[in-house]
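Chemist: One structure is given below, represented as structure tokens, and several questions about it will come after.
No lab work stands behind these numbers, since they all come straight from the coordinates. Since the model is a prediction, treat every value here as computed from it, not as a measurement. Here the Cβ is made from the backbone with ideal geometry for all residues, glycine too, and neighbour counts use every protein chain on show.
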Amino acid sequence: MKRVAVLISGRGSNLQALLNAKQDAYKVVLVISNAPNAEGLERARQAGVEAITIDHRPFGKDREAFEREVDAALRARNIEIVALAGFMRVLTPFFVRAWAGRVVNIHPSLLPKYPGTNTHKRALEAGDCEHGATVHLVVEDVDAGDIVGQAAMTIEPGDTPQTLAQRLLAIEHDLYPRCLAQFARSLT
Ligand code: GRF
């Protein structure tokens, strides 16, 4: 069982899916939020998982100083894999290098299409007939690392960014635990 920390900033529905999944490859042992009021913190505590806030705001523009705190918290608990789940901070080269090959993220598009934000709107505006989600390794370029797994869905007439986001979320909740388990098994 690989020891996983999940980094969140908000709702934490993907975190909930990772907590709920019945599998034997990973165990979520720590949740860190950069936002003190993140709903996901309570989800973790309900599941009996340690949940802490490391507020990024006191660090101002010094993103690396914030990440050094995160890094120390992870090392203190012998974390082996970091899973980003709605974590709204872009990681600096310091963190990405320190945890190279050990950080995964879930992104709401079929990468390499639509890295960054507003993915649902961009898929609609492009006239795509399908959309989806990707679990990928985190590298220095945003949303550019090796793909662990993807799941696609059909875009229907009348879809809006909101309906796409809602339908995709259920797909993410199935995809992320499967991909995290597969990734955990692939690590020595
Ligand atoms: C998800 O859509 C995920 O793909 C994106 O941010 C959202 C997080 O939602 N990275 P939640 O906090 O897991 O509910």
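Chemist: Pairs only if they're at least six apart or on different chains, beta carbon under 8 angstrom, first in the range 60-75 and within 13 Å of Ala98 (Cβ to Cβ), second part of a helix (DSSP H, G or I) and among the aliphatic types (A, V, I, L, M); list them, first residue then second.
Modeler: Asp71/Ala98
Chemist: Quick one: how many residues across the range 155-166 are assigned to a helix (DSSP H, G or I) and either touching an Asp or Glu at 6+ places or on another chain (Cβ under 6 Å) or surrounded by 17 or more Cβ atoms within 10 Å (Cβ to Cβ) (or both)?
Modeler: Residues flagged as assigned to a helix (DSSP H, G or I) and either touching an Asp or Glu at 6+ places or on another chain (Cβ under 6 Å) or surrounded by 17 or more Cβ atoms within 10 Å (Cβ to Cβ) (or both) within the range 155-166 amount to 1.
Chemist: Let me ask another. Got a sec? Which of Gly12, Gly60 is away from the ligand (no atom under 11 Å from the Cβ) and at positive phi?
Modeler: Step by step, each of Gly12, Gly60 is checked, and only Gly60 is away from the ligand (no atom under 11 Å from the Cβ) and at positive phi.
Chemist: Ok, one more. The conditions are (1) in a loop (DSSP other than H, G, I, E, B); (2) touching a strand residue (DSSP E or B) at 6+ places or on another chain (Cβ under 9 Å), and Arg11 fails exactly one of them. Which is it?
Modeler: (2)
Chemist: Same structure again: Scan the range 131-138 and give yes if some residue there is away from the ligand (no atom under 15 Å from the Cβ) and over 25 Å from Val70 (Cβ atoms), otherwise no.
Modeler: no
Chemist: For the range 151-176, enumerate the residues that are more than 12 Å from the ligand (Cβ to nearest atom) and within 18 Å of the chain's Cα centre (by Cα).
Modeler: Ala152, Asp174
Chemist: Of everything in the range 34-50 that's more than 14 Å from the ligand (Cβ to nearest atom) and farther than 16 Å from Ala17 by Cα, which residue is surrounded by the most Cβ atoms within 10 Å (Cβ to Cβ)?
Modeler: Glu50
Chemist: Here is a further query. For the range 78-99, how many residues meet the condition of being away from the ligand (no atom under 16 Å from the Cβ) and surrounded by 14 or more Cβ atoms within 10 Å (Cβ to Cβ)?
Modeler: Here the count works out to 9.
Chemist: Let me ask something additional. Can you tell me which residue is farthest from Arg178 (Cα to Cα) among those in the range 8-57 that are free of Cβ contacts under 8 Å to residues at least 12 places away in the same chain and not charged (D, E, K, R)?
Modeler: Among those that are free of Cβ contacts under 8 Å to residues at least 12 places away in the same chain and not charged (D, E, K, R), it is Asn37.
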